[in-house]
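Read the structure below first, then the notes.
The values are calculated or read from the model by the stated rules, or taken from the named source; none is laboratory data. All values derive from a computational prediction rather than experimental measurement. Ideal geometry is used to build each Cβ from the backbone, glycine not excepted, and the neighbour counts take in all protein chains shown.
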Amino acid sequence: MKTYLINHLRIPGDVPNSDGLSYLEQVEATVAPHGGKWLAQGAVDVIEGAWPGSVVLMEFPSREAAMAWYHSPEYQAILPLRINNAISDIVLIDQMPEDFTIKGFASEVRRAIQGG
């Protein structure tokens, strides 16, 4: 099952500094061996609430692959370039099963609440 990485990214001054650019120049090589790819990146149009900054959306073949990338020695070596020069909230979320419906999810929650 695919896993998606979402990074709510804020860069001070909105322009990466030299270390931030160095991170960007190196990160792709750390992702490729784990099957990761970028799906979306950039500024967002906020239609509700607040979302300062931009977003990065990535896809990995599995949660295990995403975690293996994040904890890999290659990524850990460049990680300080990002965390010392940007503010990020990073989450992983798994793809829904093919037969998922939000109505079915609501029904499961109702059953759980009712104890059966």
For the stretch 80-94, does any single residue satisfy the condition of being more than 22 Å from L24 (Cβ to Cβ) and under 18 Å from the mean Cα position of the chain (by Cα)?
yes
Out of the residues in the stretch 67-103 that are surrounded by 13 or more Cβ atoms within 10 Å (Cβ to Cβ) and among the hydroxyl-bearing types (S, T, Y), state the one that is nearest to R10 (Cα to Cα).
S88
The stretch 54-71, residues that are among the aromatic types (F, W, Y) and without any contact (Cβ under 8 Å) to a residue 40 or more places away in the chain
W69, Y70
List the pairs whose first member sits in the stretch 34-53 and is under 15 Å from D89 (Cα atoms), whose second member is aliphatic (A, V, I, L, M) and not in a strand (DSSP E or B), and whose Cβ atoms are under 9 Å apart, counting only residues at least 6 apart or on separate chains?
W51/V44; P52/V46; G53/I11; G53/V44; G53/A86
Selected residue [among the aliphatic types (A, V, I, L, M), on the phi < 0 side of the Ramachandran plot and touching a Gly at 6+ places or on another chain (Cβ under 7 Å)] from I93, I11
I11
Quick check on the stretch 44-52. Is at least one of its residues out of contact with any helix residue (DSSP H, G or I) (no Cβ under 6 Å at 6 or more places or on another chain) and either of a type in the set (S, T, Y) or surrounded by 14 or more Cβ atoms within 10 Å (Cβ to Cβ) (or both)?
yes
From E98, E108, E74, which residue is closer than 19 Å to N7 by Cβ and free of Cβ contacts under 8 Å to residues at least 60 places away in the same chain?
E74
Where in the stretch 1-94 are there helices (runs of 4 or more DSSP H), lying wholly inside it, with at least 3 residues that are modelled with pLDDT of 95 or more and of a type in the set (V, I, T)?
18-31
Would you mind stating whether S18 is among the hydroxyl-bearing types (S, T, Y) and surrounded by 12 or more Cβ atoms within 10 Å (Cβ to Cβ)?
no
